[in-house]
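Presented below is the structure to which this report refers.
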Number of protein chains: 2
Amino acid sequence: MSDKVIYAAILGAGTVGLGTYKLCEAMSDEIKHKTGATLVIKKVLVRNLSKKREGIPDEILTDKWEDIINDKDISIVVELMGGIHPAKDYVLEALKAGRQVVTANKDLIAEYGEEVGNAANKAGADLQFEAAVAGAIPIIRPLKQSMTGNHITEIMGIVNGTTNYILTKMTESGMDYKEALAKATELGYAEADPTADVEGYDAGRKIAIMASIAFNSRVTFADVYTEGITKISADDIKYAKEFGYVIKLLGVAKNTEDGIEVKVHPMLIPNNHPLANVNDAFNAVFVHGKAMDDAMFMGRGAGQMPTASAVVGDIIDVCRNIVHDSCGRIGCCCYKNLEVKDITDTKSKFFLRLEVADKQGVLANIASVLGNSGVSIAQVVQKSGKDGVAELVIITAEVLEKNFNDAMAVFKGLSAVKNIAGVIRVY
Amino acid sequence: MSDKVIYAAILGAGTVGLGTYKLCEAMSDEIKHKTGATLVIKKVLVRNLSKKREGIPDEILTDKWEDIINDKDISIVVELMGGIHPAKDYVLEALKAGRQVVTANKDLIAEYGEEVGNAANKAGADLQFEAAVAGAIPIIRPLKQSMTGNHITEIMGIVNGTTNYILTKMTESGMDYKEALAKATELGYAEADPTADVEGYDAGRKIAIMASIAFNSRVTFADVYTEGITKISADDIKYAKEFGYVIKLLGVAKNTEDGIEVKVHPMLIPNNHPLANVNDAFNAVFVHGKAMDDAMFMGRGAGQMPTASAVVGDIIDVCRNIVHDSCGRIGCCCYKNLEVKDITDTKSKFFLRLEVADKQGVLANIASVLGNSGVSIAQVVQKSGKDGVAELVIITAEVLEKNFNDAMAVFKGLSAVKNIAGVIRVY
């Protein structure tokens, strides 16, 4: 075995930074066998030097980026700070200085993937980010390697653990959204400000990254239509169950003949679909490729050690590239320039819950409004009303979203429609 | 873009060989973009030159291995003949001659993995075999790369589509084994001689390969305990269902402190386990790693294009290595020499179905035999008998297999026990 030593620096000693350091230490012997080199974490960048970092020796801590970027020994920069600033600058500087970069930063890759990807390509450097999407689940590398012989037409994923936990709780116990969110906050699954999770922004970043890789065409977070779970009610979940569905927050990306569709929204999926049984904080990504047909990847989407597992997988891959002098062997590969469609130009099936006047002729009226907008009804259930209000639960056939929106606009002006209580897309 | 051309040869133009050729042609442009080189399939080795191969030009067909091994242009040999002879010789010759090898041959890797792996390491060549296990599902590469920062403790997989189809049919329709096998044969899911599938040999080869990679210690097919599904009855499935389980044929490999356990057998798994809903011809592999926790990979385990998808993923990876002069960057890595435990030294829970004399004291008698052998009962149901015979269905606590076998030996000598009707392990 060679006595080559590869030095790395970790930026950030938060949960994932600390987990990554510990895992590199614990797997040190294995890494040597697997890569032919000894990996040494030479420096760890922190904001506050006086804070104790359990398990990391004080002497390798630094609060100066210069100590890292100017250290010629360091070949790998592992960015685990998160956020755009200063992470983006550090990553770009590292690449320009000939360093290899591993990052778990989904914000950075989803928003500035083109800039950092080009910088890596230009430098002939590795830029690896398996941990940026779906934590421990191998999905970036399978998309770039194992499944790359496919024309991939669809990716669909439960890629946010917080919302999956909330929806699972609502489904299992009949809790309403607020109660389930409170439970998630109490258990640490939801942050104090849960906006990025519950509004689908976090999932939107991840689906943008996956779509870019799968379709070889740049998709940024700004391209993603996002709709969160804050309006999902216990009633929606109850009726969905009656129809044989569960509600999940999904990131969906499709590569169609007239452009890319990319969106995050709650969706009714049939009980027997593999994604329907992915519960609690688990993540899963479903991929359809022309040759491979359907595949699904499931695992822990977050957490200290699962995320560190993905980061260390990347670090080991970079070490192998350094040993074989093949850094940059799989670069950014968005060589197509496909259009991203507007959400209103895409087609969906809808679950529609209406509170309507409980009198004769209303159902016919509703059906005719839908029909006039080109919306066909696949299933309908009328619930006995009280106080003169009945509840209609409709599942439509596939329809252009703009046509569906037209019908909703008409409903808003109809006195017979008291309330559009729920609108959720259906798989 | 470079004008580099990489020449490959495919050995075998059967289902997978033909699919691979077609996929390479269809993805030719994509491959150029992704690897920086043009891939050309220069020759295809067939046994019978006069047979028409739809889609493959006659002029690249050859029935002479010499035409390939002596052609210095050819850098990649894609072995899709299957079986040991002459595939093994061709693979070894190709590696010795400095060629890169891609193969889908599970028999070869499971039985001669050490020999061909060493030959590849010695030559500094690629030996890639993603398609040898679970068809289109990326599992070899994730184990070698993405999850390699983990101490992997367990792999459990539904890796044989034929038996999964048969068990799914039996579960869904109450068919007995023979009927379901006939259906599978009729639909082409089972071969004329189904032995390798229904006896668990095929799954055994796949679990041997996965265990070797996950545990970094050579496990061959000969190390695997195999038990097939031929004895599973409609009654077993019915009672399993009553207890909340489904029966699946599983390959199971565990990395324990006192050695590796590796086996293939039918198993009762709880309805809510992710593997329980993997039905029909789908495959799935469940992996537990210390850092990553649980993960599962699901997809098509066989079929022309799904298997070709995995082969072409490997070919593209080899092309990237050729372009970056980094062939052999991930070699065979069985650097440990862990012991494989005998099945009798492993622990399992058992589902046990006994036909016993329908008279007082028999249950006590059975319980005491089990107790004397150290087998604790977790659940028991007694079914009303007819003709003086009652049925006992027992689920045991975890027990050393040799202790369980002792109890079975005692039962065989007991007049009260008319028949040991079913013995199946439980997750």
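So which of B:Leu95, B:Leu39, B:Leu45 ends up being in contact with a helix residue (DSSP H, G or I) (Cβ under 9 Å, 6 or more places away or on another chain), crowded, with 19+ Cβ neighbours inside 10 Å and within 14 Å of chain A (Cβ to nearest Cβ)?
Values: B:Leu95 fails: within 14 Å of chain A (Cβ to nearest Cβ); B:Leu45 fails: within 14 Å of chain A (Cβ to nearest Cβ).
Step by step, each of B:Leu95, B:Leu39, B:Leu45 is checked, and only B:Leu39 is in contact with a helix residue (DSSP H, G or I) (Cβ under 9 Å, 6 or more places away or on another chain), crowded, with 19+ Cβ neighbours inside 10 Å and within 14 Å of chain A (Cβ to nearest Cβ).
Where residues in the stretch B:1-20 are assigned to a helix (DSSP H, G or I) and within 12 Å of chain A (Cβ to nearest Cβ), which of them is nearest to B:Ile322 (Cα to Cα)?
Start the filter on the stretch B:1-20 by keeping residues that are assigned to a helix (DSSP H, G or I), which leaves B:15-20.
With the extra rule that they be within 12 Å of chain A (Cβ to nearest Cβ), the set shrinks to B:16, B:19-20.
Values: B:Val16: 24, B:Gly19: 23, B:Thr20: 20 Å.
That would be B:Thr20.
Output the number of residues of the stretch B:211-236 satisfying the condition of being open to solvent by less than 30 Å² (accessible area, probe 1.4 Å), more than 15 Å from B:Arg425 (Cα to Cα) and either touching a Pro at 6+ places or on another chain (Cβ under 8 Å) or in a loop (DSSP other than H, G, I, E, B) (or both). Show your work before the answer.
So in the stretch B:211-236, the residues open to solvent by less than 30 Å² (accessible area, probe 1.4 Å) come out as B:211-217, B:219, B:224, B:228-229, B:232, B:236.
Next, only the ones that are more than 15 Å from B:Arg425 (Cα to Cα) stay: B:211-217, B:219, B:224.
If we keep only those that are either touching a Pro at 6+ places or on another chain (Cβ under 8 Å) or in a loop (DSSP other than H, G, I, E, B) (or both) as well, we get B:216, B:219, B:224.
Qualifying residue count for the region: 3.
Tell me which of these B:Val423 doesn't satisfy, since it passes every other one: (1) modelled with pLDDT under 95; (2) closer than 11 Å to B:Leu352 by Cα.
The single condition B:Val423 does not satisfy is (1).
Conditions: (1) crowded, with 24+ Cβ neighbours inside 10 Å; (2) out of contact with any helix residue (DSSP H, G or I) (no Cβ under 7 Å at 6 or more places or on another chain); (3) among the hydrophobic types (A, V, I, L, M, F, W, C). A:Ala276 meets all but one. Number of the miss?
Looking at each condition in turn, A:Ala276 falls short on (1).
When you check A:Leu338 against the structure, is it open to solvent by 20 Å² or more (accessible area, probe 1.4 Å) and under 27 Å from A:Gln128 (Cβ atoms), yes or no? Explain how you work it out, then say what you get.
Numbers: open to solvent by 20 Å² or more (accessible area, probe 1.4 Å): yes; under 27 Å from A:Gln128 (Cβ atoms): yes.
Yes, satisfied.
Among the residues of the stretch B:341-372, count how many are open to solvent by less than 50 Å² (accessible area, probe 1.4 Å) and not small (Gly, Ala, Ser).
Final tally of qualifying residues: 14.
Whether any residue in the stretch A:128-147 is more than 12 Å from chain B (Cβ to nearest Cβ) and farther than 30 Å from A:Asp293 by Cβ is what I want to check.
No, the stretch A:128-147 contains no residue that is more than 12 Å from chain B (Cβ to nearest Cβ) and farther than 30 Å from A:Asp293 by Cβ.
From the residues in the stretch B:305-329 that are under 17 Å from the mean Cα position of the chain (by Cα) and open to solvent by 10 Å² or more (accessible area, probe 1.4 Å), which one is farthest from A:Ala291 (Cα to Cα)?
Once the filter is applied, the top-ranked residue is B:Thr307.
Name the residue that is modelled with the lowest pLDDT, counting only residues in the stretch A:268-290 that are in a loop (DSSP other than H, G, I, E, B) and at the interface with another protein chain (Cβ under 9 Å from one of its Cβ atoms). So that I can check it myself, show each step before the final result.
As a first pass, look at the stretch A:268-290 and keep what is in a loop (DSSP other than H, G, I, E, B): A:271-273, A:278-281, A:290.
Still in the list and also at the interface with another protein chain (Cβ under 9 Å from one of its Cβ atoms): A:272, A:278-279, A:290.
Details: A:Asn272: 83, A:Val278: 93, A:Asn279: 89, A:Lys290: 97.
Among them, the one singled out is A:Asn272.
Considering only residues that are surrounded by 15 or more Cβ atoms within 10 Å (Cβ to Cβ) and more than 16 Å from B:Ala240 (Cα to Cα), which ones fall in the stretch B:378-401?
Matches in the stretch B:378-401: B:Gly385, B:Ala390, B:Val399, B:Leu400, B:Glu401.
Residue under question is A:Gly188, and the condition is that it be within 14 Å of another protein chain (Cβ to nearest Cβ) and part of a loop (DSSP other than H, G, I, E, B); does it hold? Spell out how you get there, then give the answer.
On the way: within 14 Å of another protein chain (Cβ to nearest Cβ): no; part of a loop (DSSP other than H, G, I, E, B): yes.
For A:Gly188, the condition - within 14 Å of another protein chain (Cβ to nearest Cβ) and part of a loop (DSSP other than H, G, I, E, B) - is not met.
If a residue has to be aromatic (Phe, Trp, Tyr) and open to solvent by 30 Å² or more (accessible area, probe 1.4 Å) to count, how many in the stretch A:59-92 make the cut? Lay out the reasoning, then the answer.
Start the filter on the stretch A:59-92 by keeping residues that are aromatic (Phe, Trp, Tyr), which leaves A:65, A:90.
If we keep only those that are open to solvent by 30 Å² or more (accessible area, probe 1.4 Å) too, we end up with A:90.
Total meeting the criteria: 1.
Out of everything in the stretch B:333-351 that is among the charged types (D, E, K, R) and either at the interface with chain A (Cβ under 9 Å from one of its Cβ atoms) or not in a helix (DSSP H, G or I) (or both), what residue ends up being nearest to B:Glu30 (Cα to Cα)?
Of everything passing the filter in the stretch B:333-351, B:Lys336 is nearest to B:Glu30 (Cα to Cα).
Out of the residues in the stretch B:148-170 meeting the condition of being part of a helix (DSSP H, G or I) and away from chain A (no Cβ under 13 Å), tell me which one is most open to solvent (accessible area, probe 1.4 Å). Walk me through how you get there before you give the answer.
Taking the stretch B:148-170 and keeping what is part of a helix (DSSP H, G or I), we get B:161-170.
Those still in the list that are away from chain A (no Cβ under 13 Å) too: B:162-167, B:169-170.
Details: B:Thr162: 14, B:Thr163: 2, B:Asn164: 3, B:Tyr165: 13, B:Ile166: 0, B:Leu167: 2, B:Lys169: 51, B:Met170: 3 Å².
Top of the filtered list is B:Lys169.
How many of the residues making up the stretch B:395-419 are within 29 Å of the chain's Cα centre (by Cα) and not basic (Lys, Arg)? Before the answer, list the steps.
We begin by selecting, within the stretch B:395-419, every residue within 29 Å of the chain's Cα centre (by Cα); these are B:395-405.
With not basic (Lys, Arg) added as a condition, the list becomes B:395-401, B:403-405.
Counting residues in the stretch B:395-419 that are within 29 Å of the chain's Cα centre (by Cα) and not basic (Lys, Arg) gives 10.
Have a look at A:Ile330, A:Ile260, A:Ile247, A:Ile316 and point out the one that is in contact with a helix residue (DSSP H, G or I) (Cβ under 7 Å, 6 or more places away or on another chain), of a type in the set (A, V, I, L, M) and part of a loop (DSSP other than H, G, I, E, B).
A:Ile330
I'd like to know if the stretch A:237-260 contains one or more residues that are open to solvent by less than 30 Å² (accessible area, probe 1.4 Å), within 14 Å of another protein chain (Cβ to nearest Cβ) and of a type in the set (Phe, Trp, Tyr). Spell out the reasoning first.
The first filter runs over the stretch A:237-260 and keeps only residues open to solvent by less than 30 Å² (accessible area, probe 1.4 Å), leaving A:237, A:239-240, A:244, A:246-253, A:255, A:259-260.
Right, trim to within 14 Å of another protein chain (Cβ to nearest Cβ) and you get A:246, A:255.
Restricting the remaining residues to those that are of a type in the set (Phe, Trp, Tyr) gives none.
The answer is no, given that none of the residues of the stretch A:237-260 is open to solvent by less than 30 Å² (accessible area, probe 1.4 Å), within 14 Å of another protein chain (Cβ to nearest Cβ) and of a type in the set (Phe, Trp, Tyr).
Among the numbered conditions (1) surrounded by fewer than 24 Cβ atoms within 10 Å (Cβ to Cβ); (2) within 14 Å of another protein chain (Cβ to nearest Cβ), tell me where A:Glu114 comes up short.
The one condition A:Glu114 does not meet is (2).
So A:Leu92 clears everything in (1) within 24 Å of the chain's Cα centre (by Cα); (2) under 25 Å from A:Arg300 (Cβ atoms); (3) aliphatic (A, V, I, L, M) except one condition, right? Which one?
That leaves (2) as the condition not met.
How many residues does the stretch B:291-304 hold that are in contact (Cβ under 8 Å) with a residue 24 or more places away in the chain and either more than 7 Å from every other protein chain (Cβ to nearest Cβ) or open to solvent by 20 Å² or more (accessible area, probe 1.4 Å) (or both)?
Residues of the stretch B:291-304 that are in contact (Cβ under 8 Å) with a residue 24 or more places away in the chain, as a first pass: B:291-292, B:295, B:297-304.
Now drop any that are not either more than 7 Å from every other protein chain (Cβ to nearest Cβ) or open to solvent by 20 Å² or more (accessible area, probe 1.4 Å) (or both), which leaves B:300-304.
Final tally of qualifying residues: 5.
The values are calculated or read from the model by the stated rules, or taken from the named source; none is laboratory data. Keep in mind it's a predicted model, so treat the numbers as computed, not measured. Methodologically, a virtual Cβ is constructed for each residue, glycine included, from the backbone with ideal geometry; neighbour enumeration extends over all protein chains shown. Heads up: the accessible areas ignore ligands, DNA and RNA and are worked out on the full protein's heavy atoms, side chains in. Shrake-Rupley method; radii C 1.70, N 1.55, O 1.52, S 1.80 Å.
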